[in-house]
1. Indicate the gyration tensor shape class of segment 1-99 (rounded, prolate or oblate), computed on the Cα atoms with a ≥ b ≥ c the square roots of the eigenvalues: a/c under 1.5 is rounded; otherwise a/b larger than b/c is prolate and the rest oblate.
2. Two decimals, Cα atoms only, Kirkwood Rh: what is Rg/Rh over segment 152-273?
3. Using alpha-carbon positions, what is the distance between the centroids of segment 202-242 and segment 128-181, in Å?
4. Using the Cα centre as the reference, give the magnitude of the dipole from point charges on the C-beta atoms of the chain (Lys, Arg: +1; Asp, Glu: -1; all else neutral), rounded to the nearest 20 debye.
5. Write down the Å³ per residue value for the convex hull defined by the alpha carbon atoms of segment 348-412.
6. Averaging over every viewing direction, what projected area does the convex hull of the Cα atoms of the chain cover, in nm²?
7. Below 8 Å, C-alpha to C-alpha, sequence gap of six or more: please give me the relative contact order for the chain in percent.
8. For the chain, which longest stretch is free of loop sites, where a loop site is one of the GluC sites (Glu not before Pro) that DSSP puts outside H, G, I, E and B and that has at most 11 other Cβ atoms within 10 Å?
Amino acid sequence: MMNIPDSSNPRVVIIGGGFGGLSIAKQLKNRNFQVVLLDKHNYHNFQPLMYQVATGGLEAGTIAYPIRKVVQEHKETFFRMANVEKVDTFGKKVISDIGTIYYDYLVIATGSTNNYFGNKDIEKNSMVMKTIPEALDIRSLILENFELALQTNDEKVRRSLMNFVIVGAGPTGVELAGALAEMKKAVLPKDYPDLDLSMMEINLVQGTNRVLDAMSEKSSKAAAKYLKNLGVSIHLDVRVTNYDGNVVTTAGDLEFHSQAVIWSAGVKGAAVDGVNDAVDRASRIRVNDFNQVEGFEDVFAIGDVAAMYGEKFKFGHPMMAQPAIQQGELLAENLERLSKKQSLKKFVYNDKGSMATIGRNKAVVDLPKLHFNGVFAWFVWMFIHLISLIGFKNRMLVFWSWVYNYFVFDRESRIIVRPYRKKKGIEHGN
Ligand SMILES: Cc1cc2nc3c(=O)[nH]c(=O)nc-3n(C[C@H](O)[C@H](O)[C@H](O)COP(=O)(O)OP(=O)(O)OC[C@H]3O[C@@H](n4cnc5c(N)ncnc54)[C@H](O)[C@@H]3O)c2cc1C
């Protein structure tokens, strides 16, 4: 049972405590609503720094923040850790694994999930990085592969264990490839002096003709140059067709023998069951300019899961933190207007730009009217990520880890806390 007390204020149920869900919950703090926030995890996950957890640069706790702590001073906000199974829009209720809750207004902020485009082999055998446990799985796999590489006398197996194939050269793939390349240069030679690290390969495979293809050409070119200088092999216009746990096959002749394939080639909306008529081909929920789900006045979707089609964004806004935050902020205001029977304000996205880092001292930044890269871009990248983290302590811990790692050329968290091997049925050599 959820055990939420009755209130004279209208009840807003928010599904998801990510960037969008927390943004609206914070804005509703001093308004006349009872807020019930549901999430399957009890923490907010700062996804932009997850690749650093996966490569041992940061501890998982530094990029996670307890949702209860965010809302603890909100008078009429209740958090419940619950996995929402479906919504019943006729009965105005949300059904979860811990019980049912009625709403006056419903906000779906469930984010996105991995898209394997229907390929079950890739889903079963590759690694993904959407959640903290998944990032920790990648960390374990990387380290376990090196341990195994030391134990085998079969060169083919050893090469396969040390061949990292990253599918998808968006920001996640590029940042991960850069971090792995830095590990190869500075950390692994110290940890594995008896292993021939020239055998280690980092292959970045991209289906289109450039890396970071959602960013400017200038940033894309700079990122490709940085990656090549770090020893990453970039394969453009290559479509991966399968991965059976041992061999990555592509639409062309290229194939990779690898025991470490990371899939960052696709995401889709994590729509909840119950608003199915409004779900588009990318599993996002179609909303109007006020984030109202198609066909409803009292059901809203924000963030990655929401598809607000417009002239500029034909398939909806980019799946990034800023649209989610900005939609959450405006929706809080619109809910108040709705409850007062006032007209609603249209959402207009304020594009603040995008950025990616490629290893030490290098980043690319696209602002609406300015593109730059190099060391200054790297400082900007660090600053923006630090101030975006929730919690002073997390900011301090991340800052300290970065300073330490920078000067000592280290990645502290090279620990296999939770072995990953064979969890997904991957064979790791002999
Ligand atoms: C590795 C990685 C790196 C990224 N880097 C960047 C970056 O550098 N810059 C940038 O702008 N964006 C980045 N993004 C994208 C950004 O994280 C998302 O766009 C943003 O998180 C979207 O916010 P959201 O609120 O829609 O969803 P999320 O923040 O994903 O939150 C969704 C929440 O819903 C919860 N949830 C989902 N389903 C259920 C359910 N059925 N029941 C209960 N709870 C549920 C989840 O637990 C989660 O807490 C990155 C994403 C990834 C994966």
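What follows draws every value from the coordinates through simple rules; no lab data is involved. This one's a predicted model, so the numbers in the text were calculated from it and none came from an experiment. As a convention, Cβ positions derive from the backbone with ideal geometry for all residues, glycine included, and neighbour counts pool all protein chains shown.
1. Working: a/c = 2.55, a/b = 1.72, b/c = 1.49.
The shape class here is prolate.
2. Working: Rg = 15.3 Å, Rh = 15.2 Å.
Ratio value, two decimals: 1.00.
3. 18
4. Values: 52 positive and 46 negative charges, 185 e Å.
In debye, rounded to 20, the chain gives about 880.
5. Working: hull volume 5.8 nm³, N = 65.
It is 89 Å³ per residue.
6. On the way: hull surface 84.2 nm².
Its Cα hull, projected and averaged over all orientations, spans 21.1 nm².
7. Values: 901 pairs, mean separation 89.7, N = 430.
It rounds to 21 percent for the chain.
8. On the way: sites that count: Glu73, Glu297, Glu311.
Longest stretch, sites excluded: 74-296.
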